[in-house]
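Enquirer: What follows is a structure written as structure tokens; I'll ask about it next.
The values are calculated or read from the model by the stated rules, or taken from the named source; none is laboratory data. This is a predicted model, so every value here is computed, not measured. Virtual Cβ from ideal backbone geometry, glycine too; neighbours counted across all protein chains shown.
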Amino acid sequence: MEIESEISRLKKEQNAIVLAHYYELDEIQKNADFIGDSLALAQIAAKTNADVIVFCGVKFMAETAKILSPEKKVLLPIEDAGCPMADMATKEDVLRKKKELGNPVVVSYVNTNADVKSVSDICCTSANAVNVVSSLSEKEVLFVPDRNLGEYVAERVKDKVVHLWEGYCPTHEAFDIKELEKLKKRYPEALVAVHPESPKAVRDAADFIGSTSGILGFVQKSSAEEFIIGTEEGILFEIKRTTSNKKFHIIGGSAVCFNMKKTRLEDLYNAIKYERHEITLDEDIINKAYAPIKRMISIKRG
């Protein structure tokens, strides 16, 4: 396609790289230099010599890339591609809740905006959340913002009091145990792999619980031929690209993150050509948000 050729040309011309989250449209993932989870992509970008990072994802992801690469220009193709869950927590609300609870350690999921990261003690990913909380010497934790991931952590870290924030991912929250049970009856040989952002009943019925990249790895390594998947359906692009002769069923038939699906090839092209929607953060925010991310990176993934 002509637009794909132009994207490739512009990348070379401007020394730019394109990052795409697993939940992006197939056409975006196809034209990305790197595909992955948000933190992994930001870390990869920081290690390259690119001058420009084009992050096809949502705002908090591009912010994380900017925090890890403050000297680089970071672009978000769609300016209003936000994350509803990230927006469920603000810096002011977190500080207020922390005070109400008697000053517990604040553990913020990477799926938070930069202002929340800046007042956090440590960040976590869905892959290392259990290990992060387990590593803390403090006994009380305020886990922000996903209540399902926080509950998943609390179930596995028995020696901590985990205070849950009332946030959630609308896409994962929508997974219904009744729909899962229907699929399990229809496909009794299928293994169930779900994201920890899913509700407890769905997690409890799963054969595997893990991050998006964790689910991908589970499917790739498993000898099973059929799977029921509980995460955003964009993951199927990479799963099908890297596996063969396997069948997949999304709980409920479909799971779409509206914001992740906003970016199209034309938007990617325009972002590179016109350097649209640059992410800018105050130096103070960058410095304060970097500390909990750096602390997290030293914790191994689960």
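Enquirer: When the residues of segment 37-75 are filtered to those that are crowded, with 22+ Cβ neighbours inside 10 Å and basic (Lys, Arg), which remaining residue is nearest to the chain's Cα centre (by Cα)?
Expert: Among them, the one singled out is Lys59.
Enquirer: Specify the residue that is farthest from Glu27 (Cα to Cα); the eligible residues are those in segment 261-302 that are of a type in the set (Gly, Ala, Ser) and at pLDDT 95 or above.
Expert: Checking each candidate, the answer is Ala291.
Enquirer: If a residue has to be among the charged types (D, E, K, R), without any contact (Cβ under 8 Å) to a residue 40 or more places away in the chain and touching a strand residue (DSSP E or B) at 6+ places or on another chain (Cβ under 7 Å) to count, how many in segment 113-165 make the cut?
Expert: 5
Enquirer: For residues that are of a type in the set (Gly, Ala, Ser) and either at positive phi or touching a Cys at 6+ places or on another chain (Cβ under 8 Å) (or both), scanning just segment 211-257, find the one that is surrounded by the most Cβ atoms within 10 Å (Cβ to Cβ).
Expert: This residue is Gly234.
Enquirer: Can you find, within segment 219-265, the residue that is nearest to Asp37 (Cα to Cα) among those that are of a type in the set (A, V, I, L, M, F, W, C) and in a strand (DSSP E or B)?
Expert: That would be Ile229.
Enquirer: Please note which helices (runs of 4 or more DSSP H) are completely contained in segment 103-198 and include at least 1 residues that are in contact with an Asp or Glu (Cβ under 6 Å, 6 or more places away or on another chain) and hydroxyl-bearing (Ser, Thr, Tyr).
Expert: Where helices (runs of 4 or more DSSP H) fall fully within segment 103-198 and carry at least 1 residues being in contact with an Asp or Glu (Cβ under 6 Å, 6 or more places away or on another chain) and hydroxyl-bearing (Ser, Thr, Tyr), they are 170-173.
Enquirer: Related question: Which of the numbered conditions does Lys91 fail, given that it passes all the others? Conditions: (1) touching a residue at least 24 places away in the same chain (Cβ under 8 Å); (2) under 21 Å from His277 (Cβ atoms); (3) basic (Lys, Arg).
Expert: Only one criterion is unmet by Lys91, namely (2).
Enquirer: Give Lys246, Lys261, Lys200 a once-over and let me know the one that is touching a residue at least 12 places away in the same chain (Cβ under 8 Å) and closer than 19 Å to Ser126 by Cβ.
Expert: Lys200
Enquirer: Here's something else I'd like to know. Just the residues that are farther than 16 Å from Ala289 by Cβ and either in the same structural domain as Ile215 (by TED's automatic domain parsing) or more than 13 Å from the chain's Cα centre (by Cα) (or both), please, taken from segment 113-131.
Expert: Listed by number, the residues that qualify are Val130, Asn131.
Enquirer: Would you call Ser69 free of Cβ contacts under 8 Å to residues at least 12 places away in the same chain and either closer than 18 Å to Arg295 by Cα or of a type in the set (Val, Ile, Thr) (or both)?
Expert: no
For every residue, the table says whether it meets (1) within 19 Å of Asp267 (Cα to Cα); (2) small (Gly, Ala, Ser); (3) in a strand (DSSP E or B); (4) modelled with pLDDT of 95 or more.
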| residue | (1), (2), (3), (4) |
| --- | --- |
| Ile3 | yes, no, no, yes |
| Lys12 | yes, no, no, yes |
| Ile44 | no, no, no, yes |
| Glu79 | yes, no, no, yes |
| Gly82 | yes, yes, no, yes |
| Glu92 | no, no, no, yes |
| Lys99 | no, no, no, yes |
